[in-house]
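A short reminder: the numbers here are calculations on the coordinates, not readings from a lab. Because the structure is predicted, anything quoted here is derived from the model rather than measured.
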Ligand SMILES: [Zn+2]
């Protein structure tokens, strides 16, 4: 961990490198899926607690 600017909310605190994951909820005609996005971002603890991601 290192102090930095969270690329998700802009807060300055301890950030960790993560890969964002876009989650599509299951519906009657589509399968649910989770798609990791290319590239990485620096996220704070709050964003890591609230949004889907993979830690690097
Ligand atoms: Zn954040």
Fill in the blank from the handout: The relative contact order of the chain, taking Cα pairs under 8 Å that sit 6 or more residues apart, comes to a percentage of 40
Exercise for the section: Rounded to the nearest 500, what is the 222 nm mean residue ellipticity of the chain from helices alone, with -39500 (n - 2.57) per DSSP H run of 4+ residues and division by all residues? Expected result: -2500 deg cm²/dmol
Fill in the blank from the handout: GNM of the chain, Cα pairs under 10 angstrom: of 40, 30, 16, the biggest fluctuation goes to 30
